[in-house]
Structure formats: C-alpha cells, structure tokens
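Undergrad: I have a structure here, written as structure tokens, and I will follow up with some questions on it.
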Amino acid sequence: MRIRRTLPALLLPLALLAAATACGGSPSANTLGGGDTDGKGSLTLNVGDQKGGSEAVLRAAGELDDLDYRIKWSTFTSGPPLLEAVNAQAVDIGAVGNTPPVFAAGAGSKITVVAATHGSAAGEVILVPNGSPLKSVEQLKGKSVAVAQGSSAHFQLVAALEKAGLTLKDTKPSYLQPADALAAS
C-alpha cells in the first residue's frame with residue numbers, strides 16, 4: 001500500500017527529468033537572473049518547482065549530478081503561479097497537480113502538457129486549526145475557507161463539498177496562497 005502512494009509522487013519528478021533531458025536545441029532566451037544553476041554547458045533549462053519538491057527529490061537521487069546542460073530553479077507557492085510563469089515564458093517546464101492545467105487552458109494559456117501520472121486523492125485532507133470543533137466537511141457550511149484559486153486543493157475542496165451535499169457558495173472562500181492561508185488561520 002505504501003508503495004502505491006509513493007510511486008506516483010516519485011514518478012512526476014522523474015518525468016520532469018526525462019522531459020528536461022529530452023530538451024535540446026538552442027538555449028532558452030528566458031534565463032532567469034540570480035541564483036545558482038545545476039550542471040554545465042551552454043543550454044539552460046528554466047525549471048519551475050513547487051516549494052523545492054522536485055528539486056529535492058532529484059538532488060537526493062543524484063539525478064542532478066554531472067548534467068550536460070544547466071538547470072535554473074525557480075520556486076513557486078502552488079501550481080497556478082508556476083503555470084502563469086510557463087505561459088509568460090519565464091520558465092520552460094514545471095510539475096503541477098491535475099487541476100492547474102485545466103484552469104490555465106480555460107484562461108487561454110499557451111501551455112503544453114508533456115507528461116502525466118495517475119494518482120488519487122487518498123492523501124488529500126482539509127486542514128483546520130488545532131482545537132477546532134470542525135470534524136466533518138458538512139460543518140464547513142457558512143465558514144471561511146482559504147484555498148489557492150485554480151489549484152488542486154481548490155478542486156479537492158469543491159469535490160469534498162459536493163460529496164457532502166454542499167457547494168463552494170455554501171462557504172466563504174478566501175483565495176490565498178498556502179503561506180498566506182497558514183498566516184490567516
């Protein structure tokens with residue numbers, strides 16, 4: 001059971017690496033300034049990462065050692081801002097959850113999905129502050145709920161509310177990035 005949960009999480013960074021390895025041709029014209037890069041060579045791949053997750057897994061696995069191209073990492077708080085950067089050509093590639101590409105496509109973004117994995121929402125949760133009397137999704141009715149708009153968490157919240165017979169309109173949504181949501185709790 002543990003392997004089934006871990007495997008999709010490990011495959012996404014590896015898919016990112018495979019996509020990065022497959023990129024060739026001329027160097028990107030949109031190399032971001034500042035910070036260090038991994039690898040060597042004249043080609044620089046600008047990679048968007050969420051809170052350092054893909055970079056940390058690839059680094060721990062030794063997959064960033066001795067690259068024939070450079071990787072410039074940019075960290076984002078969630079999928080939607082990462083995809084905004086891809087659309088603006090500020091980064092070349094990045095890994096996000098299932099929902100941000102749907103919202104980005106709906107907004108007319110010029111992005112391309114190059115790899116996908118199949119996972120489940122089994123590990124997803126709705127968090128409440130310690131000591132909160134809220135114990136079920138139904139109890140969110142009329143409550144303020146912070147979520148990153150267009151994120152996988154946004155979809156997870158909508159799906160959980162629907163399963164409980166509620167809609168997002170039954171709550172008071174505040175669209176905040178994860179760090180801002182934590183500070184607001």
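The values are calculated or read from the model by the stated rules, or taken from the named source; none is laboratory data. Everything numeric in this text was worked out from a predicted model, so none of it was measured. Heads up, the Cβs are rebuilt from the backbone with ideal geometry, glycines too, and the neighbour counts pull from every protein chain shown.
Undergrad: For the stretch 116-159, how many residues are of a type in the set (D, E, K, R) and either assigned to a strand (DSSP E or B) or under 17 Å from ALA184 (Cα atoms) (or both)?
TA: Summing the residues that are of a type in the set (D, E, K, R) and either assigned to a strand (DSSP E or B) or under 17 Å from ALA184 (Cα atoms) (or both) in the stretch 116-159 gives 1.
Undergrad: With the condition being at pLDDT 90 or above and under 24 Å from SER152 (Cβ atoms), I'd like the strands (runs of 3 or more DSSP E) fully within the stretch 23-87 carrying at least 3 qualifying residues.
TA: Counting at least 3 such residues, we get 44-50, 70-76.
Undergrad: Read through the list (1) crowded, with 17+ Cβ neighbours inside 10 Å; (2) within 27 Å of ASP170 (Cβ to Cβ), then give the number of the only condition that ALA121 fails.
TA: If we test ALA121 against (1) crowded, with 17+ Cβ neighbours inside 10 Å; (2) within 27 Å of ASP170 (Cβ to Cβ), just (1) comes out false.
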